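Colleague: Have a look at this one.
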Amino acid sequence: MKTLHICGDSFGVSDKASDIIPWHELLATKLRDTYIVYNHCRVSASNLLISLQVEEAINARADYIIQLCTSVTRDQVKFRELDAYASNLVDRFYDITNVEDNRYADLVSYSIVTSANAPFTNSQRQLADEYNKQFGDLALRIYQNQCTISYTLNQLVDSKIRFCFDQGGFEHKSFGNPQTLGYFFKFDQYRSKVNLWDHANVRALRPYFHITDQHTHNMISDYYVEKINAR
């Protein structure tokens, strides 16, 4: 069997509390005769964490990789000291959808807009919020994330693995007036024609995947089935 790896933020995460079947679960069902699907997506994942996910998928010799990019308003920090922690960076990241399995997690990727869902103490939350207010710079974040995404896309090209990427929340139009020149033109042949952030009709934590229309999830899964099966 071939393997498909999905790397990204909450737009690729399942939510057992929702009656909606998200696009990635539909995709796994539709491709079950040809692909085993591995989903690395995490709620509030930063583009750096997504890059680490992609690295895992490349090292696993995936046959196809879907990369979902995210907003620049994400950061990652070490939030606690442990006597023992996971042996690789990805597994060291806290997963809010699997709280029982975080005993070896000492890192967290979180939204700087609202750190309420991060496993911070009250004092840590106050420090993180104050740090981002005092020292954060949006233009610098945009450039840093652009570099991270470009590096990751170059790694994918060099790997010779078939892939596509969704620019997603990186400078998405919903944030105001993104740079008109655009980004990542060098990789246009790998760009998904579907931007999941275009279909987000809720920005609340739940459902984790933010798209609440089942027909939209059906459309997205059909698009990826066609793209993955194309020769």
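Colleague: Within the stretch 36-44, identify whether any single residue is touching a strand residue (DSSP E or B) at 6+ places or on another chain (Cβ under 9 Å) and farther than 27 Å from Glu226 by Cα, and answer yes or no.
Modeller: Scanning the stretch 36-44 turns up at least one residue that is touching a strand residue (DSSP E or B) at 6+ places or on another chain (Cβ under 9 Å) and farther than 27 Å from Glu226 by Cα.
Colleague: Another one. Restricting to the stretch 86-122, name every residue that is among the basic types (Lys, Arg) and either surrounded by 15 or more Cβ atoms within 10 Å (Cβ to Cβ) or modelled with pLDDT of 95 or more (or both).
Modeller: Listed by number, the list holds a single entry, Arg92.
Colleague: Follow-up. Could you tell me whether any residue of the stretch 10-27 is within 19 Å of Ala118 (Cβ to Cβ), under 15 Å from the mean Cα position of the chain (by Cα) and small (Gly, Ala, Ser)?
Modeller: yes
Colleague: Check the stretch 107-123 and report whether any residue there is closer than 14 Å to Asp75 by Cα, touching a residue at least 40 places away in the same chain (Cβ under 8 Å), of a type in the set (Val, Ile, Thr) and part of a helix (DSSP H, G or I).
Modeller: So far as the stretch 107-123 goes, no, none of its residues is closer than 14 Å to Asp75 by Cα, touching a residue at least 40 places away in the same chain (Cβ under 8 Å), of a type in the set (Val, Ile, Thr) and part of a helix (DSSP H, G or I).
Colleague: Read through the list (1) under 18 Å from Leu52 (Cα atoms); (2) surrounded by fewer than 16 Cβ atoms within 10 Å (Cβ to Cβ); (3) at pLDDT 95 or above, then give the number of the only condition that Leu140 fails.
Modeller: Among (1) under 18 Å from Leu52 (Cα atoms); (2) surrounded by fewer than 16 Cβ atoms within 10 Å (Cβ to Cβ); (3) at pLDDT 95 or above, the lone unmet condition for Leu140 is (1).
Colleague: If you don't mind, there's one more thing I want to ask. Condition check: within 16 Å of the chain's Cα centre (by Cα), buried (at least 21 other Cβ atoms within 10 Å of the Cβ) and without any contact (Cβ under 8 Å) to a residue 40 or more places away in the chain. Does Cys7 satisfy that?
Modeller: Considered against the rule, which asks whether it is within 16 Å of the chain's Cα centre (by Cα), buried (at least 21 other Cβ atoms within 10 Å of the Cβ) and without any contact (Cβ under 8 Å) to a residue 40 or more places away in the chain, Cys7 comes out as no.
Colleague: Those residues that are in a helix (DSSP H, G or I) and closer than 18 Å to Gly169 by Cα, I need them from the stretch 22-79; list them, please.
Modeller: Trp23, His24, Asn47, Leu48, Leu49, Ile50, Ser51, Leu52, Gln53, Val54
Colleague: When you go through Asp75, Asp63 one by one, which is the residue that is in contact (Cβ under 8 Å) with a residue 40 or more places away in the chain and touching a Lys or Arg at 6+ places or on another chain (Cβ under 6 Å)?
Modeller: None of the other options fit; the residue is Asp63.
Colleague: Another question about this same structure. Residues that are in contact (Cβ under 8 Å) with a residue 12 or more places away in the chain and of a type in the set (Lys, Arg): does the stretch 31-39 have at least one?
Modeller: No, the stretch 31-39 contains no residue that is in contact (Cβ under 8 Å) with a residue 12 or more places away in the chain and of a type in the set (Lys, Arg).
The values are calculated or read from the model by the stated rules, or taken from the named source; none is laboratory data. If you're wondering where the values come from, they're calculated on a predicted model, not measured in any experiment. Here the Cβ is made from the backbone with ideal geometry for all residues, glycine too, and neighbour counts use every protein chain on show.
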